[in-house]
Amino acid sequence: MFQHVEATAAQKVEILASNPYRYYLAPNLWIGRNNSRIVELDTLSKAVELAENQAIQARIIEVKKQLQEIYSKNV
């Protein structure tokens with residue numbers, strides 16, 4: 001659980017890419033497998049954009065597309 005909270009931006013992107021059952025934002029505060037994760041990726045994207053890390057930014061876009069495809073099938 002705490003690996004999600006204390007992870008770097010790059011680690012958080014990879015955790016989200018693995019699509020775990022729960023993704024922790026804080027201790028005892030998590031989001032499930034839904035569009036909230038795409039919103040979280042948008043938040044990470046803004047932080048990474050400020051740090052000007054284009055490799056992580058590209059990975060965020062890739063993971064967002066992957067999750068959007070998965071979640072669009074669940075509608």
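Scan the range 1-24 for residues that are of a type in the set (Phe, Trp, Tyr), open to solvent by less than 90 Å² (accessible area, probe 1.4 Å) and over 19 Å from Lys65 (Cβ atoms) and the total you get is 1.
Report the residue count in the range 11-41 for those that are among the basic types (Lys, Arg) and under 17 Å from Asn53 (Cβ atoms). The total comes to 1. Considering only residues in the range 25-62 that are more than 13 Å from Ala9 (Cα to Cα) and assigned to a helix (DSSP H, G or I), the one that is most open to solvent (accessible area, probe 1.4 Å) turns out to be Glu62. The set of residues in the range 1-49 that are β-branched (Val, Ile, Thr) and either under 14 Å from Ile61 (Cα atoms) or modelled with pLDDT under 90 (or both) comprises Val13, Ile38, Val39, Thr43, Val48. If the condition is being of a type in the set (Phe, Trp, Tyr) and assigned to a loop (DSSP other than H, G, I, E, B), then the range 1-24 contributes only Tyr21.
The values are calculated or read from the model by the stated rules, or taken from the named source; none is laboratory data. Worth saying up front: this structure is predicted, and the values here are computed from it rather than measured. Ideal geometry is used to build each Cβ from the backbone, glycine not excepted, and the neighbour counts take in all protein chains shown. Remember, those area values only see protein heavy atoms, side chains included, never the ligands or the DNA or RNA. Shrake-Rupley method; radii C 1.70, N 1.55, O 1.52, S 1.80 Å.
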